1. Of the residues that sit in the range 27-53 and are in contact (Cβ under 8 Å) with a residue 60 or more places away in the chain and among the small types (G, A, S), which one is farthest from N8 (Cα to Cα)?
2. If we keep just the residues of the range 46-73 that are open to solvent by 40 Å² or more (accessible area, probe 1.4 Å), in contact with a Ser or Thr (Cβ under 7 Å, 6 or more places away or on another chain) and not aromatic (F, W, Y), which is nearest to Q104 (Cα to Cα)?
3. Enumerate the pairs (first residue in the range 1-26 and closer than 17 Å to T71 by Cα; second residue anywhere and charged (D, E, K, R)) with beta-carbon separation below 6 Å, excluding pairs fewer than 6 apart on the same chain, so at least 6 apart or on different chains.
4. If E83 satisfies all but one of (1) open to solvent by less than 60 Å² (accessible area, probe 1.4 Å); (2) at pLDDT 95 or above, what's the number of the condition it fails?
5. Quick one: in the range 90-133, which of the residues that are part of a loop (DSSP other than H, G, I, E, B) and surrounded by fewer than 11 Cβ atoms within 10 Å (Cβ to Cβ) is modelled with the lowest pLDDT?
6. Tell me which residues, restricted to the range 54-106, are among the acidic types (D, E) and either farther than 13 Å from R7 by Cβ or without any contact (Cβ under 8 Å) to a residue 40 or more places away in the chain (or both).
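The values are calculated or read from the model by the stated rules, or taken from the named source; none is laboratory data. Everything numeric here is computed off the predicted structure, so don't read it as measured data. When we count neighbours, we look across all protein chains shown, and the Cβ atoms used for this are built from the backbone with ideal geometry, even at glycine. Just so you know, the surface numbers come from the protein's heavy atoms only, side chains and all, with ligands and any DNA or RNA stripped out. Shrake-Rupley method; radii C 1.70, N 1.55, O 1.52, S 1.80 Å.
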Amino acid sequence: MTDIEKRNIERVKHWENTWNTRVDRMVDECYAPDCTVVNMMSGYTMHGREELRAIEHQMLAFDGTRRMEITKMVASGDTVAVEADAIWGNHRSKACVFLTFNDQGLITTDHSYGSDPSGASSQPKPASAAAAR
């Protein structure tokens, strides 16, 4: 495993911890300002930290007890594939995420495959936001 891959594995551990405990820290410390996050199940795409932060806050409003438990990670170059259990209340489901990192160790792309019981990452953007893109 290369030094970059080792660094990225450590960054994923930090991502998991902050997703579970301090979502604003997760957004600010783990994601590049110009990141792209895609719910691969619905196609919903977020651009930048503020769009991601808004969705994460909607998810927390739905269930502030949500948790992620990583069960497997595979690093290859600038990308880490993550398998995890997503726990929302009494519901546990499987998820898979592909995270791509830049030279500073920040996530530039996040392609997530998993359920979002809150629906926050599955909703269409308002027409004004879509037109601005």
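1. Top of the filtered list is S42.
2. H47
3. T18/R25; N20/R67
4. (1)
5. R133
6. E56, D63, E69, E83, D85, D103
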